[in-house]
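The values are calculated or read from the model by the stated rules, or taken from the named source; none is laboratory data. As the structure is a prediction and not an experimental result, all values here were calculated from the model. Positions of Cβ are backbone-derived with ideal geometry, glycine not excepted, and every protein chain shown enters the neighbour counts.
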Amino acid sequence: MGDYKPLEHETMASEGSDVPKMPRGTKHDLSQRHSSVLYHHLRQPPLNIVGGRGSFLITDSGQEILDATCGAAVACLGHSDSRVHEAIMEQLQKFPYCYSMFFTNNAAEELSQIMVDSTGGLMSRAYIVSSGTEAVEASLKMAVQYYMEMSPPQPQRVNFIARKQSYHGNTLGSLSVGHHVGRRALYEKILAKNVHHVSQCYPYREMKDEESEGEYVARLAQELEDKFQELGPDTVCAFVAETMTGATLGCVPTLPGYLAAMKEVCQKHGALLILDEVMCGMGRTGTLHAWEQENVVPDLQTVAKGLGGGYAPIAALLVNRHVVDTLSQGTGAFSHSQTYQGHPVSCAAACRVQRIIQEDNLLANVREMGVYLGQRLHQAFDAHAHVGNVRGRGLFWAIEFVQDKQTREPYPPSQAVAWTIHKTALQPEYSVSLLPGNGGIDGINGDHICFAPPYNCSRLEIDEVVDCAFRAVQRVLGTSV
Ligand code: PLP
């Protein structure tokens with residue numbers, strides 16, 4: 001800092017940089033607030049969060065809510081880790097922003113190195129943006145550029161194949177590869193026509209009784225092969241899938257061999273494999289990258305939520321070495337840029353989050369607590385008359401609700417079962433935040449809730465999560481057997 005003296009309005013990092021002291025029990029008048037009215041139901045103002053500590057969020061009335069989902073699988077360290085606050089303040093003290101079209105910065109370089117190292121160098125570049133949606137959008141464009149800059153170029157590769165009941169983001173490109181019926185509905189007419197969808201790997205609903213797991217995987221691979229043939233194999237640019245489907249189906253691990261079979265079809269036809277690990281990546285399933293457990297390396301990979309743990313908006317597109325090599329021999333630069341890419345403060349936060357995951361050996365805790373969470377969920381819900389399926393991996397689990405366990409008939413969407421359970425669970429007698437999802441079966445029918453607690457959660461917290469969730473489910477759906 002040299003002789004630098006802060007001006008009156010400038011604060012030094014040391015002042016008040018520790019965990020914020022939040023007034024408890026202070027009521028705020030939400031009717032005076034306007035920022036949230038565009039994304040919350042107008043007649044139901046949401047709870048107002050004024051503090052966070054460990055696995056808990058604190059509302060303006062002093063209610064402590066156990067955050068069993070890290071928001072949407074984001075806050076992987078829990079809330080208010082002072083080590084991350086310090087890293088952010090340190091970066092702010094140096095400088096907050098520089099334009100990545102002109103400059104790079106140490107935080108972005110360090111984060112990229114961490115990401116590249118975490119793949120053993122298989123992915124050799126990280127393109128850092130601010131949201132999962134942006135990372136997906138960038139992956140689609142990079143796939144197109146890859147074929148345009150190949151020698152000889154393959155400009156006819158304009159089709160994408162993605163999966164039904166998937167979610168990849170909310171901008172037009174990412175919404176097009178996604179298949180979220182509700183979010184697409186208004187915009188169908190302006191979504192991309194060069195995106196085609198095949199089935200998910202969803203054994204509970206879509207594997208036939210007479211089929212073995214291997215036969216089911218072979219059927220899905222054949223469906224992808226048929227789609228390539230229908231479109232013309234050399235017109236397909238990439239196949240896009242989540243390594244483990246998160247929000248839409250509700251934490252469905254793929255069957256062994258599924259991703260390898262899908263990659264084989266892509267490779268046979270020279271198309272790229274894009275794995276979207278925005279939700280399931282960065283440790284959530286027990287390994288830093290979910291694809292490690294499948295031994296399938298993608299050509300392009302998106303990561304987001306657990307990357308920065310919610311301390312700053314951040315996401316990244318990881319690029320396989322062979323794609324980087326092709327672009328290097330072409331124009332040498334990705335034809336895409338955004339004002340906030342490689343943002344120093346977000347990168348500093350994410351670097352610290354990633355170092356803490358390593359230093360505190362949190363992936364081991366994810367694996368251990370993940371097994372425990374699975375056991376507790378099975379104990380509590382397997383026998384429940386209205387829970388059809390309990391599934392998950394690492395600290396990423398879901399339970400799917402049914403009206404009838406035998407027929408697996410879902411509840412009608414009008415009953416909004418998952419959302420009602422979510423709202424009920426937020427009431428003071430339960431005080432747990434659960435992630436609701438619906439539309440898993442066909443985009444319209446089907447309800448589930450997801451569990452995605454922080455990587456450093458304890459057995460006691462898991463016990464409390466499962467107990468509160470069970471009581472909230474009982475309250476909404478009644479009898480347990
Ligand atoms: N991809 C997947 C798999 C997601 O789950 C999400 C968000 O939930 C996105 C992309 C979009 O990420 P974001 O909301 O950060 O834009």
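Annotations for the structure displayed:
- Top-ranked residue of segment 166-199 - restricted to ones that are among the polar types (S, T, N, Q) and within 12 Å of the ligand (Cβ to nearest atom), ranked as surrounded by the most Cβ atoms within 10 Å (Cβ to Cβ): S174
- Segment 414-454, residues that are assigned to a loop (DSSP other than H, G, I, E, B) and modelled with pLDDT of 95 or more: L426, Q427, P428, E429, Y430, S431, L434, A452, P453, P454
- Test result for Y147, in contact with a Pro (Cβ under 7 Å, 6 or more places away or on another chain) and away from the ligand (no atom under 14 Å from the Cβ): yes
- Matching helices (runs of 4 or more DSSP H) fully within segment 135-229 where at least 3 residues are over 16 Å from T302 (Cβ atoms): 181-184, 203-206
- Residue check for C457: modelled with pLDDT of 95 or more, in a loop (DSSP other than H, G, I, E, B) and surrounded by 15 or more Cβ atoms within 10 Å (Cβ to Cβ): yes
- Some residue of segment 242-253 being within 16 Å of the ligand (Cβ to nearest atom), at positive phi and out of contact with any strand residue (DSSP E or B) (no Cβ under 6 Å at 6 or more places or on another chain): no
- Residue within segment 265-274 that is within 15 Å of the ligand (Cβ to nearest atom), within 14 Å of the chain's Cα centre (by Cα) and surrounded by 18 or more Cβ atoms within 10 Å (Cβ to Cβ) present: no
- Against the numbered list (1) over 23 Å from S166 (Cβ atoms); (2) within 16 Å of the ligand (Cβ to nearest atom), L111 comes up short only at (2).
- Of the residues making up segment 200-208, not a single one is of a type in the set (S, T, N, Q), buried (at least 18 other Cβ atoms within 10 Å of the Cβ) and farther than 23 Å from N159 by Cα.
- Residues in segment 377-435 that are at positive phi and free of Cβ contacts under 8 Å to residues at least 60 places away in the same chain: A416 alone.
- Taking residues in segment 165-180 that are at pLDDT 95 or above, and partners anywhere that are near the ligand (Cβ under 8 Å from one of its atoms) and aliphatic (A, V, I, L, M), the pairs with Cβ atoms closer than 6 Å and at least 6 places apart or on different chains are Y167/A247; H168/V136; G169/V136; S174/V136.
- The condition (being within 13 Å of the ligand (Cβ to nearest atom) and either surrounded by fewer than 16 Cβ atoms within 10 Å (Cβ to Cβ) or not in a loop (DSSP other than H, G, I, E, B) (or both)) is satisfied by just one residue among A312, A333, A316: A316.
- Candidates in segment 69-100 are the residues that are among the small types (G, A, S) and closer than 22 Å to L288 by Cβ; of these, the one that is farthest from the ligand (Cβ to nearest atom) is A87.
- Single match in A312, A271 (criterion: more than 30 Å from L434 (Cβ to Cβ) and among the small types (G, A, S)): A271
- Subset of segment 209-243 [in contact with a Ser or Thr (Cβ under 9 Å, 6 or more places away or on another chain), of a type in the set (S, T, N, Q) and surrounded by fewer than 17 Cβ atoms within 10 Å (Cβ to Cβ)]: none
- Residues (more than 20 Å from G308 (Cβ to Cβ) and small (G, A, S)) located in segment 346-395: A364, G370, G374, A380, A383, A385, G388, G392
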